[in-house]
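Have a look at the structure below, then the notes.
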Amino acid sequence: MADENWKPKIIAIICNWCSYAGADLAGGARIQYPPDIRAIRVMCTGRIDPLFILKAFQDGADGVLVSGCHFGDCHYLEGNYKAAKRMFLLKSVLKNIGLDDKRLRMTFVSASEGAKWGSVMTDVVKTINELGPSPLNEFAR
Amino acid sequence: MAEVKNKEARIGVFLCHCGTNIAGTIDIEAVKEYAKTIPNVVVADNYAYMCSTPGQNKIADAIKEQNLTGVVVAACTPRLHEPTFRNATAAGGLNPFRFEMANIRDQNSWVHMHQPEEATAKAKDAVRIAVAKASLLEDLIPKSVPVEKTAMVVGGGVGGMQAALDLANAGIKTYLVEKSPTIGGRMSQLDKTFPTLDCSQCILTPKMVDVYRNENIELLTYTEVEAVEGYIGNFDVTLRKKARGVLTPAEAEARGIVGGGCTGCGDCAEVCPVIKPNPFELGMAPRKAIYIYHPQVSPLIYTVDFDACVKCGLCVESCGEKKAVDLDAKDELITVKVGTAILALGYDIYPIEKKFEWGYKNYDNVITSLEFERLICASGPTGGHLVRPSDGETPKKIAFVLCAGSRDNTDTGKPYCSRFCCMYSLKHAHQIIEKIPGAVPYIFYMDIRSFGKMYEEFYYRIQNEGAKFIRGRVANITEDPVTKNLHVNAEDTLLGRPIDMEVDMVVLAAAIQPSAETEKTRRLFGVSCSQDGWLLEAHPKLNPCGTTTAGVYLAGVCQGPKDIPDTVAQAEGAASAASIPIHRGEVELEPYFAQCLEDKCAGCGLCVNQCPYQALSLVEKDGRTVMQVTEAKCKGCGTCGGFCPGGAIWMQHFATPQIVAQIDAFLLGGEQ
C-alpha cells in the first residue's frame, strides 16, 4: 500500500437542512478545504442505513462522514439522534471487522456553520490521510 | 410501488459556467467530454448560465429531442435552483422529479478555488454520482393538502402586531400570541423614535388598539406556545394561557357574572400590599402584585403575579361586584389549528454587567440605553426628568458608550453589530441637549453607522447641535466614591492620545441578544438559528422572511438586529408570505413519502417506533401483517428506511437503490 499517488476516497452523507446548508454556506464564504470528499445529500441523517456505510467501505471508501443537525435542531425532530445511535453501534461493528472506527465519523454542522464545515472537512481528510488506505481496499472490486 | 430497474435510462447532462464562478476554476469542457462517456448519458451540454431562460430552454428542448428519461444539471446547489430546473424539466414534458443536481459551485469551485485540477476531478465525480441517481429516478406526484384558513403570530411587539394586522386585513383569522400581559413589546418602552423624533407610544398605541379591536385577530396575551404538531397548512398549536387571576368581561360573562370582569379601574392595585419592581420600567418603578405595566396596555386587564401574591384577598374585596379577580386561577391549555405561523420573538438586552470593566450594576450612575429611554420618557418613572440614580441630580456631562458588548469578539461580547444603537444614541444626545440646558453629550464610538433613510442627515444635525464625538472604545470606567462621578478611560484614536474624562453619568448602548423564549419556541416550530441564536431565514437574499420549515415565517429582530422600519417592513413581508398558502387554499408537499414494499415487509414493526410523526402502523393485509404509511403524516425524513432490517421501505426520491447507486458510482465507477 505504499502508493505515493494514493489519495483518500472519502464519502460524506449529509442532511439537507443543516450540514448540506452549512456546506453551501462555506462555499458562499469561499472557505477553502481539501477536495477529497464527495457528498451525497439525504433529507435527514436518519435516512442513512448503516448498510450504506458498510457498502461504501466494501466499495473501497477510505473514510465515511455522516453529518447532520445539532441535537435538538433536527428538521425532523429526532432523526439525528437515531442516526447517532446507529453510527455508534456501527463503529463497534467496524472495529470487529478490523476497520479503525475513526474511518467513520459523525459530525454536527448547522446551516450557519460554514466555517465549521470547512474545519470538519480539513480534519476528516487529515484523519484519513494519517490512517492511510482502507485495509478493505484489496477486497474491493 | 415496484423497484425500478431503469435499464433504458437516457440522461442529459447540463453544465453551468455560472460566469466564472464555476468555469473560472473547473474545466467545463473536460467535464462535458467526460460526462458523455458515463453510461446512460446521451447528451451533454454547457451554457454560461443554465438558470437563465436560454439555459432552461436547452434542457426542455433536449428532453424532447433526445427523449430523455432524466436530467442532471451540474451547477450551484439544489437548495437554490432545484425548483428552477425542476420547472425546466417539466417544461420539457418530463416528470419534474426526474431531475438531479450536481453541486459543482457552492461545494466545489468556490471551496477549491486554487485547485482547478482537483476541482475538475471532483466535478466529474459529482456528475457521475448524479447521473447514477438520475438513471434510477421515477415519476412522483406531489400530494396536495388543504390549508387551514387561519394564521398565528407569536410575539406581540411591533413586528408581530403589524404581521397580525396585515393578515387580519387580508381576511385571515389570526391568533396573536404574546407571552406578557400586554402587546406592544420593546417599542412601547421607547420614548422617541429616530430620526423623526416621533413619540414612540403615540404611534404604537393606535396600532395596539387596532389589533385589539380587529375582529379577525384573536388576541391571546399572557399565553405561551407549549407544543406544535403538524405541517404547513395544518399546524396544531397547543397554547398555555397562563393563570392571569383576573377575568376579562367576556370570561366573566361566560361564568355568569353579569356586567362583571376587569374594567382596568385599578382599585385592586391600589389596595394590594405587595410591592415589586416593575420590569417594564426596568425595575426603576414599583408595581403591585396585581398590576398593569403602564397605562396604555392592551388589553387593559390587570394581571396577578402569583409568584408575589400573598393571597390576602384585598383585591377581591375592592373589585366588588365586578368579581374580576380570581385568585384560584389555573393555567389553561388550548389547541388551535392554523395554516401558517409567523415568529416575531424580539430581543433582550445583553447583560452588560458581564463587561465588568464598565461597572454596570456596580456603579449607580452607569445605566443602559433602555434605562435611559425610561428615564427620559415623560410617562417613565421620573416623569421624563433625567436624573442620576445615585443622588437624583440632573447630569450635565453624559458619556455614551457605543458598541457596548457588540462588535466585540471577546468571549463576553457579541460579534455582531446591533444596528440601532448608533441611531438611538444620537437621539439620546439630542434629547439631552433639548431637555437639559448646558448639558453636553459625549459619544464614544468606534464607527457611526447611520445607514437608513434620513439617518445620515440626523447625524449631521446632532453634530451641529453640539454633541461631542470621540472615536475609541472605552477601556474602563471608574467611580469617584464620594461624588459618584465617573471617570471614562479611553483612547481618542483620531487624536492618538488617551482620555480620562470625568462625567456625571454613563449610558451604555448595550448589545442585544435573542429573547429568552426564542430558543424554546424555535425548537417547537423546527426553525434553525444562526450561531448567535438569531433565527435562520430560508435564504438571506431570496427568502428573508421564510424558514426551512414550510409554513413558518420570521418577522423582526428575532431574525437579526433591526430597527423599527425594517422590522415593520419584514413583518409585512412575512404576513404576505404567510397569506399566500392560505389564499391558495392548498399546498403541495414534496412527495418524499415512505412506501412499504409489501412483498418484502415481514411485519416486524421495528419501523413504527422509529417514525417521529406516528405515520407508520401495522395492518393486516391478505392474511399477513405489513406496515402501512399514512402519507399525510409522513414528512419524508426516511428514518424508517434507514432502519428497516428487510429493506422493505421504499423512500421515494431517496430510495435505497438510488443511494447505493450514488455510492457505487463514486467508489466503483471512477476509473478513467
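The values are calculated or read from the model by the stated rules, or taken from the named source; none is laboratory data. Remember, it's a predicted structure, so these values are computed and weren't measured experimentally. All Cβ positions, glycine included, derive from the backbone under ideal geometry; neighbour counts span all protein chains shown. In case anyone asks, the SASA skips ligands and DNA or RNA and just uses the protein heavy atoms, side chains included. Shrake-Rupley method; radii C 1.70, N 1.55, O 1.52, S 1.80 Å.
Miscellaneous remarks
- One residue stands out in segment B:300-313 among those that are farther than 14 Å from B:C265 by Cβ and not hydrophobic (A, V, I, L, M, F, W, C): the one that is surrounded by the most Cβ atoms within 10 Å (Cβ to Cβ), namely B:T303.
- Within this structure, A:R86 fails the test of being open to solvent by 30 Å² or more (accessible area, probe 1.4 Å) and either at the interface with chain B (Cβ under 9 Å from one of its Cβ atoms) or closer than 16 Å to A:V120 by Cβ (or both).
- Yes/no for B:S579 being among the hydroxyl-bearing types (S, T, Y), open to solvent by 30 Å² or more (accessible area, probe 1.4 Å), outside any loop (DSSP other than H, G, I, E, B) and out of contact with any Asp or Glu (no Cβ under 6 Å at 6 or more places or on another chain): no
- Boolean, B:Y460 is modelled with pLDDT of 95 or more and either closer than 30 Å to B:I232 by Cβ or in contact with a helix residue (DSSP H, G or I) (Cβ under 6 Å, 6 or more places away or on another chain) (or both): no
- Test: B:D139 is in contact with a Gly (Cβ under 7 Å, 6 or more places away or on another chain), without any contact (Cβ under 8 Å) to a residue 60 or more places away in the chain and among the acidic types (D, E): no
- Looking across A:W17, A:W6, one residue alone is in contact (Cβ under 8 Å) with a residue 60 or more places away in the chain, open to solvent by 40 Å² or more (accessible area, probe 1.4 Å) and within 22 Å of B:G641 (Cα to Cα). It is A:W17.
- Identity of the residue in segment B:98-113, closer than 21 Å to A:V42 by Cα and part of a helix (DSSP H, G or I), that ends up most open to solvent (accessible area, probe 1.4 Å): B:R105
- For segment A:123-136, the count of residues that are at pLDDT below 95, within 15 Å of the chain's Cα centre (by Cα) and among the small types (G, A, S) is at least one.
- Of the residues making up segment B:503-518, just one is modelled with pLDDT of 95 or more and among the acidic types (D, E), namely B:D504.
- Counting residues in segment B:75-92 that are in contact (Cβ under 8 Å) with a residue 60 or more places away in the chain, assigned to a strand (DSSP E or B) and within 13 Å of chain A (Cβ to nearest Cβ) gives one or more.
- Qualifying residue in segment B:53-66 (condition: assigned to a loop (DSSP other than H, G, I, E, B) and either more than 21 Å from B:S109 (Cβ to Cβ) or out of contact with any Asp or Glu (no Cβ under 6 Å at 6 or more places or on another chain) (or both)): no
- Filter result (among the charged types (D, E, K, R) and outside any strand (DSSP E or B)) within segment B:340-379: B:E353, B:K354, B:K355, B:E357, B:K361, B:D364, B:E371, B:E373, B:R374
- Considered as a group, the residues in segment B:622-642 that are more than 7 Å from chain A (Cβ to nearest Cβ) and either touching a Pro at 6+ places or on another chain (Cβ under 7 Å) or farther than 23 Å from B:I141 by Cβ (or both) include one that is least open to solvent (accessible area, probe 1.4 Å), and that residue is B:T625.
- Some residue of segment B:661-669 being within 11 Å of chain A (Cβ to nearest Cβ) and in a loop (DSSP other than H, G, I, E, B): yes
- The set of residues in segment A:66-79 being within 12 Å of chain B (Cβ to nearest Cβ) and either at pLDDT 95 or above or touching a His at 6+ places or on another chain (Cβ under 7 Å) (or both) consists of A:V66, A:G68, A:C69.
- Condition met for A:P8 (over 13 Å from the mean Cα position of the chain (by Cα) and not in a helix (DSSP H, G or I)): no
- Within segment B:272-289, the set of residues being without any contact (Cβ under 8 Å) to a residue 40 or more places away in the chain and part of a helix (DSSP H, G or I) comprises B:P279 only.
- Of everything in segment B:600-616 that is open to solvent by 30 Å² or more (accessible area, probe 1.4 Å) and closer than 23 Å to B:G526 by Cβ, the residue that is nearest to the other protein chains (Cβ to nearest Cβ) is B:Y613.
- Hey, B:T174 open to solvent by less than 20 Å² (accessible area, probe 1.4 Å), farther than 30 Å from B:I290 by Cα and modelled with pLDDT of 95 or more or not: no
- Search result, residues across segment A:25-65 that are facing chain B (nearest Cβ under 7 Å), assigned to a helix (DSSP H, G or I) and open to solvent by less than 20 Å² (accessible area, probe 1.4 Å): A:A26, A:G27, A:G46, A:R47, A:F52, A:A56, A:D59
- Among the conditions (1) farther than 25 Å from B:V209 by Cα; (2) over 39 Å from the mean Cα position of the chain (by Cα), the only one that B:V274 does not satisfy is (2).
- Of the residues making up segment B:318-327, those that are touching a residue at least 60 places away in the same chain (Cβ under 8 Å) and either surrounded by fewer than 16 Cβ atoms within 10 Å (Cβ to Cβ) or assigned to a loop (DSSP other than H, G, I, E, B) (or both) are B:E321, B:K323, B:A324, B:D326, B:L327.
- Residues in segment B:24-38 that are free of Cβ contacts under 8 Å to residues at least 24 places away in the same chain and open to solvent by 40 Å² or more (accessible area, probe 1.4 Å): B:E29, B:E33, B:K36, B:T37.
- Scanning segment B:219-252 for residues that are surrounded by fewer than 16 Cβ atoms within 10 Å (Cβ to Cβ) and in contact with a Leu (Cβ under 9 Å, 6 or more places away or on another chain) yields a count of 2.
- Unique match (being in contact (Cβ under 8 Å) with a residue 24 or more places away in the chain, open to solvent by 40 Å² or more (accessible area, probe 1.4 Å) and polar (S, T, N, Q)) among B:N169, B:N95: B:N169
- Residue count for segment B:290-317, restricted to those that are in contact (Cβ under 8 Å) with a residue 24 or more places away in the chain and part of a loop (DSSP other than H, G, I, E, B): 17.
- Contact annotation: residue pairs with Cβ atoms under 8 Å, 6 or more positions apart or on different chains, pairing a residue in segment B:103-114 that is more than 7 Å from every other protein chain (Cβ to nearest Cβ) with a partner that is part of a loop (DSSP other than H, G, I, E, B) and of a type in the set (A, V, I, L, M), are B:I104/B:I26; B:N108/B:I26; B:S109/B:I26.
- Some residue of segment B:348-367 being surrounded by fewer than 16 Cβ atoms within 10 Å (Cβ to Cβ) and over 35 Å from the mean Cα position of the chain (by Cα): yes
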